[in-house]
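Shown next, in structure tokens, is the structure this report addresses.
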Amino acid sequence: MPLIEETRRRLAAIPNLTLWRDEPLSLHTRFGIGGPADLYVETGSEEAFMGAIEAARDGGIEIEVIGGGTNLIVSDDGLRGIVLRYRGAQLEANGPCVRAEAGAELQDFVDFSIDRGLKGLETLAGIPGSVGGAVYGNAGAYGHAIAERVVEVRFFDGKRVRVFANEECQFQYRESVFKDHKEWIIFSTGLRLEPADAGVLRETASDIVKVRNEKFPVTMKCAGSIFKNLMLSDLSAAAAAEVPARVVREGKVPAAWFLEQVGAKGTRRGDIRVAAYHANLVYNDGAGTATDLCALINDLKARVTGRFGLVLEEEVQFVGIAGQ
Ligand SMILES: Cc1cc2nc3c(=O)[nH]c(=O)nc-3n(C[C@H](O)[C@H](O)[C@H](O)COP(=O)(O)OP(=O)(O)OC[C@H]3O[C@@H](n4cnc5c(N)ncnc54)[C@H](O)[C@@H]3O)c2cc1C
């Protein structure tokens, strides 16, 4: 506790930084779940952010970086350490090249590009969260992902600010090099888009948002899909033989298909439920807890492993929860 107090004092002296003590993380996750963080910091200044990391590191304090909290399961006990959120949200365009700070809402970046008649982000319309979170997890939908358009990513590696070109980011389906280096903090990204008719792009985006809002009502406390889809080529011959060809899309088998076969739809644990209409959609129906959420996830994984001999991998990220 003295180290936290000492760090709190150092953080309080950093300009352009807002600091909370014992902040409930349930206020910062779409699941509405998560106990308090000893310290919670927000800043739109790169210098302040780096200063805060240095102060936390000097204090030997655990660090977690979050974005919009739309893909997070945070422990009911919260985090004994510091949670940081980068709020820089500037958007810029120069011809077909656009740039966004990591703290910008992904939807604002999508709208910004569409308004400038630039094609390439419209299929990401309606994906909640920040640009930083989208780059970290290579967010995507409708057969496209942000990585297809990323030219470079600017990030802090704990010592200095670096810039990675697209190939260095090692993007794959819902993966990037940043997932293997949780201490790297994305500050901004530059993308190259293509000129197109803004009206057509807007229509595409608005059709997508309509469909998404039916599947994920805006008030639903969830994280989108809990589990990643699976590559058909990664499955054992026995598991692959059971998958009907009609469910395979772009070489992937939806995790929802496996979950359906094991009766996941409608399952519940406390206030945590699997949607009756979508087996890979788990939501908090009221006063759900991370304990129940993790238990339900583990139960679903065990059912799928028992039936198909494969292990589902979570798309959601865990904070303060060991062994998940
Ligand atoms: C209703 C709903 C629908 C969804 N649909 C989709 C979908 O169609 N496709 C899809 O891909 N995802 C989807 N998601 C998941 C989620 O929206 C994305 O993963 C999103 O990109 C997460 O962004 P975030 O800012 O909320 O990140 P958070 O949830 O806050 O964090 C997620 C991870 O990103 C890391 N992170 C965040 N910011 C930074 C940064 N600046 N630097 C380094 N690491 C960072 C965090 O450490 C954490 O590990 C959906 C979620 C919901 C709730």
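Of the accessible area of the chain, computed with a 1.4 Å probe over protein heavy atoms only, carbon and sulfur atoms account for 50 percent. Per residue, the chain exposes 45 Å² of accessible surface when a 1.4 Å probe is rolled over the protein heavy atoms with every protein chain present. When shorter helices are ignored and each DSSP H run of at least 4 residues is given -39500 (n - 2.57), the per-residue value for the chain at 222 nm works out to -8500 deg cm²/dmol. Backbone phi angles across the stretch 197-210, fed through the Karplus curve with coefficients 6.51, -1.76 and 1.60 (θ = phi - 60°), yield HN-Hα couplings of 6, 4, x, 5, 4, 5, 5, 4, 4, 6, 4, 5, 4, 4 Hz in residue order; Gly and Pro are listed as x.
Charge tally around Pro96: other residues with Cβ under 15 Å, Lys/Arg +1 each, Asp/Glu -1 each, net -2. Taking a ≥ b ≥ c as the square roots of the eigenvalues of the Cα gyration tensor, the stretch 61-162 is classed as prolate, since a/c reaches at least 1.5 and a/b is larger than b/c. The Rg/Rh ratio for the stretch 1-120 is 1.06, where Rg is the radius of gyration of the alpha carbons and Rh is the Kirkwood radius.
Determine the alpha carbon to alpha carbon distance for each of Lys159/Lys301; Lys182/Lys215; Lys182/Lys265; Lys119/Lys182; Lys119/Lys159; Lys119/Lys215 and list only those over 28 Å. Long pairs (Cα-Cα over 28 Å): Lys159/Lys301; Lys182/Lys215; Lys182/Lys265; Lys119/Lys182; Lys119/Lys159.
His181 sits with roughly 60 Å² accessible to a 1.4 Å probe, with DNA, RNA and ligands left out of the calculation.
Give me the net charge of Phe156's neighbourhood, meaning all other residues with Cβ under 10 Å from the Cβ of Phe156; Lys, Arg count +1, Asp, Glu -1. List each step's numbers first, then the result.
On the way: positive: Arg154, Lys159, Arg160, Arg162; negative: Glu46, Asp157, Glu183.
With Lys, Arg at +1 and Asp, Glu at -1, the neighbours total +1.
Radius of gyration (Cα atoms) of the chain, expressed as a multiple of 2.2 N^0.38 Å: 1.02.
Accessible surface comparison of Asp197, Asp38, probe 1.4 Å, protein chains only, largest first: the order is Asp197, Asp38.
For Lys179, give me every one of the aspartates and glutamates with a C-alpha distance below 12 angstrom, ignoring sequence neighbours fewer than eight places off in its own chain. Within reach: Glu315. Applying the Karplus relation 6.51 cos²θ - 1.76 cosθ + 1.60 with θ = phi - 60° to the stretch 311-322 yields 3J(HN,Hα) values of 10, 6, 10, 5, 8, 5, 10, 10, 10, x, 10, 6 Hz, where x marks Gly and Pro.
The values are calculated or read from the model by the stated rules, or taken from the named source; none is laboratory data. Computed from a predicted structure; not experimentally measured. Note: ideal-geometry Cβ built from the backbone for every residue, glycine included; neighbour counts use all protein chains shown. SASA here: full protein model, heavy atoms, side chains in, ligands and nucleic acids out. Shrake-Rupley method; radii C 1.70, N 1.55, O 1.52, S 1.80 Å.
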